Each structure stands twice: as C-alpha cells, then as structure tokens.
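S.K.: Take a look at the following structure, please.
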Amino acid sequence: MLYKLAHGGDHDFEGMVVKLKEGLDVALEEFYQLAGRLGKDEEGVFRIEYDDDMTDGVEVVEASAEDVSVDDLAAEEGTEILKDFIPYNGILNLEGLHRPLLAIQLTKLRDGIAVGCAFNHAVLDGTSTWHFMSSWAQICSGAPAVSAPPFLDRTKSRNTRVKLDLTAPPDPSSMPNDKDLKPEGPAAPKLRERVFKFSEAAIDKIKSVVNAAPRPDGSKPFSTFQSLGVHIWRHVTLARGLKPEDITVFTVFADCRKRVNPPMPESYFGNLIQAIFTGTAAGLLSAHPPEFGAGLIQGAIEAHDAAAIDKRNTEWEVAPKIFQFKDAGVNCVAIGSSPRFKVYDVDFGFGRPEGVRSGSNNRFDGMVYLYQGKSGGRGIDVEITLEVGTMERLEMDRDFRFEEA
C-alpha cells in the first residue's frame, strides 16, 4: 500500500513507524493468531503455536528508498520493482513452520511511505486480510480498540483433524548438475502483469451488454462480477489463440462464509474460501454471445452451496493435498480478491492510499485480482498475469477496454 504524505520528503518517517508499531501491538491483541507459527500437535495435525510475547511473532522491518516516489510505484504495471518493498517474495505458505505468518516492511519513499505486508494464506483469506488491515488502521487513527473483533473459533465452520504432508516440492535449481537428472521439457514461459482500470462507465457498459438478451422467466440478471468475469475470460481466451476444441477453465476463489451451514459471520477469521470451477471449449466460448459464458459462471457459483462445500471438504479429508497453481485449471482465468474490499479506506492517520497492489507471490498464467477503483463507486482495477505474448495481444484488443473503443 502506497501513501503520499502532505509534507513530501520532510515527513517524520521515524514517528510514523512508531505509530504503526504501537497500533500493530494493539491490533494483535485481537488478531493474535497472526503472531504465531504453524506447528504440529502430538498427532501430527497442524495448528498455530504462540510464544509468550505475541508481538515477537510478527516481523517488522524498516527500509529506505528515498530516490523512489509514490507515483513511480503507483504507475508501475508489473511486480518486479515491488519485490523490494514487500518481504518474503517467493516464500511458500508451508514455510510458516519456521517463518512468521505476518511480515511487514515499512519503506521511506521520497514523498511518502510504502506499507508492504506478507501474509500466510494458510491462516487467512482476503476477507480476513482486509478486516485486519482496516482494524490496524483504525487503531492508528485514534480508535481505542478494534471495532469488529475477529471470530476465531474455526471449529464452528468445520471441526476436523487432518494430517497433511507439507513436504516442499524439489527446487529444480538445486538439483545435481547431471543431464539425466535435470528436468526435461521447455522452460517456463515468461509472465507479465498489468493493471487495467475499468471506469464506472466501462463496467456499466459491460454489464448492460451481457444482460442485453432476454432471460428466461425467473432467471436472475448477471451480476457485475459475472459480467466482468466473462468479459475477461472471453478476451483472454481470444488473446491466447486457442484452438476451438481446446478447453478453457474459469475459476473463482469464493468466500464461503455465507454458504456454509450454519453461516459464519463476516468477522470469521481464517481461510474460508474454495475454488469454484466451470469450463468449456474455447470455440464455444467465443462463438456464443457473452451471456453463454456468464451463464456458466452464474450456474457454477449458485450450485456451490453448503452441500457442495461439505462434499469437497470430505473428499479432501480422505486424500488431503496442497493446492498448486496447476490445479486452477487448464488455460484458466482464475479470479481472486474482490472490489468489495474497501482497500482505499485503509487510512492509518496520514490519508487514503495512492495505490494498492498485490505482490509477486501467487502469480501464474491467468491469475486475476480485482480491486476497488481508487475513485470509489463502481470502478474496478483488474490486475492480470499472462504470458508475455498473450498480454501483448490483450493490450491491442480495443474491445477489451470499452472506454477506448
């Protein structure tokens, strides 16, 4: 998160760091699970373990990059430069056994401050992340306590004990220098990220196009998410140049708080998301009007009820595994985060952020993050990771950016 300060380079960075740390100490009294480490009990089941001093479990570092401005970072489309402002790049969730579950880097910029956070996704999801961030900001802005304490009893959503092998996959770069042992096949394709900013007018137009055709009686109109989702899916599929018979998958990492039985409160603190999948042939997706793909997305989301969640959990408990990028689906468009998260309302007492970006972790071909537009309202920022060639073709697709057409 990038904050531009009124006094530019004359701001009191040291005083701001003290304020942020003091606020963090108060917030962690409620969100104390972030101050622990992953551990195992006597039966080998994972849990969060704590030291006597909760705040010792969170790593906070300070850094300086006074030759870099807030605008420099806010305008950056990729994530390569952001690696210097966010801790623990390339670290897997399973390393929470010996690394902090939350690490924070506070970086002094030429005219502001960057607040970079690395969370362990095994402990929390997007809803819980922004619940914590907004609570921390409230404390720093003068609130005496967290206004909405987290709901920490995860057994209320599902009381289960599963042993999970968290053995990390081998690192190809560490393999012996023997051609018989080196991994075969082509090198991983180079990826590129970009943020596409969709204005309110563009979002409204996309939604109106998807909902233009008459719907069967009793059918719900397509939501903003479903309309924007199929818009991205269709245009990314076109940019990939897939064959008509190639399968393409649409994946959404959905919040299940209101889907489980009994429903969990919005303040439920943990990772309560599941991946919802649908797919079709690339030729069918492109040949049909957008409401075809939107119908697939809508149907998959509505079908993912408490019974479907329970079935998925039961299957996983019988044969537990770690979710990997490839599990998102072939030729996928996978959507995470949500414009419902009020990321630009996270004010630590020195104004609203100038920019909010995700870091370099959790990146693969087809990964999409949706953020609230900075101006508020219905505008949405779409952060996409694609193979370089695909991204170049998407950028040339004027129909993808409605306001440029």
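S.K.: Provide the packing ranking of 264-273, 102-111, i.e. peptides ordered by the mean count of other C-beta atoms within 10 Å per residue, highest first.
M.R.: Highest to lowest by the protection proxy: 102-111, 264-273.
S.K.: Additional query: Read phi for every residue in the range 327-341 and hand back ³J(HN,Hα) as whole Hz from Karplus 6.51 cos²θ - 1.76 cosθ + 1.60, θ = phi - 60°, with x for Gly and Pro.
M.R.: For the range 327-341, the Karplus-derived couplings read 6, 6, x, 6, 6, 8, 10, 10, 10, x, 6, 6, x, 6, 6 Hz, x marking Gly and Pro.
S.K.: Something else about it: How large is the accessible surface per residue of the range 199-251, computed with a 1.4 Å probe and reported in Å² as a whole number?
M.R.: Here the per-residue accessible area is 49 Å².
S.K.: Quick one: work out the % antiparallel among DSSP beta bridges in the range 2-151, nearest 5.
M.R.: That works out to approximately 65 percent antiparallel.
S.K.: When a/c reaches 1.5 or more, the comparison of a/b and b/c decides; with that in mind, is the chain rounded, prolate or oblate per its Cα gyration tensor?
M.R.: Taking the square roots of the gyration eigenvalues as a ≥ b ≥ c, the chain is rounded.
S.K.: To continue, here is another question. What three numbers, in Å, describe the spread of the alpha carbons of the range 191-396 along their principal axes, ordered from the longest?
M.R.: For the range 191-396, the Cα spread along each principal axis is 47, 46, 40 Å.
S.K.: Carbon and sulfur together cover what percent of the accessible area of the chain at a 1.4 Å probe radius?
M.R.: 52 percent
S.K.: Another one. With 24 Å as the limit, write out which pairs from K4/K342; K21/K83; K108/K190 have Cα-Cα distances beyond it, or answer none. Walk me through the numbers on the way to the answer.
M.R.: On the way: K4/K342 18 Å; K21/K83 22 Å; K108/K190 31 Å.
Result: K108/K190 exceed 24 Å.
S.K.: Sequence-distant or interchain residues sharing an amide H contact under 5 Å with L164, placed H: which?
M.R.: Amide H neighbours of L164: F46.
S.K.: Under a cut-off of 16 Å between alpha-carbon atoms, report the lysines in cross-link reach of K321, not counting same-chain residues fewer than 8 places apart.
M.R.: Correct list for K321: K163, K311.
S.K.: Tell me, what is the Rg over Rh of the range 275-405, with Rh the Kirkwood radius over Cα pairs?
M.R.: Value, to two decimals: 1.00.
S.K.: Let me ask something else. Restricting to DSSP H runs of at least four residues, report the calculated mean residue ellipticity at 222 nm for the chain, -39500 (n - 2.57) per run over all residues, nearest 500 deg cm²/dmol.
M.R.: Helix-only estimate at 222 nm: -8500 deg cm²/dmol.
S.K.: How much area per residue is accessible in the range 24-110 when the probe is 1.4 Å and only protein heavy atoms are counted (Å²)?
M.R.: Working: 4330 Å² over 87 residues.
Ligands and nucleic acids excluded, the figure is 50 Å² per residue.
S.K.: Among G241, V195, F132, which residue has its Cα positioned farthest towards the positive end of the charge dipole of the chain, with +1 placed on the Cβ of Lys and Arg, -1 on the Cβ of Asp and Glu, and the dipole taken about the Cα centre?
M.R.: Checked the options; the winner is G241.
The values are calculated or read from the model by the stated rules, or taken from the named source; none is laboratory data. Values in this document were obtained by computation on a predicted structure and should not be read as measured data. Cβ: placed from backbone, ideal geometry, glycine included. Neighbour counts: every protein chain shown. The accessibility values were calculated without ligands, DNA or RNA, using every heavy atom of the protein model including side chains. Shrake-Rupley method; radii C 1.70, N 1.55, O 1.52, S 1.80 Å.
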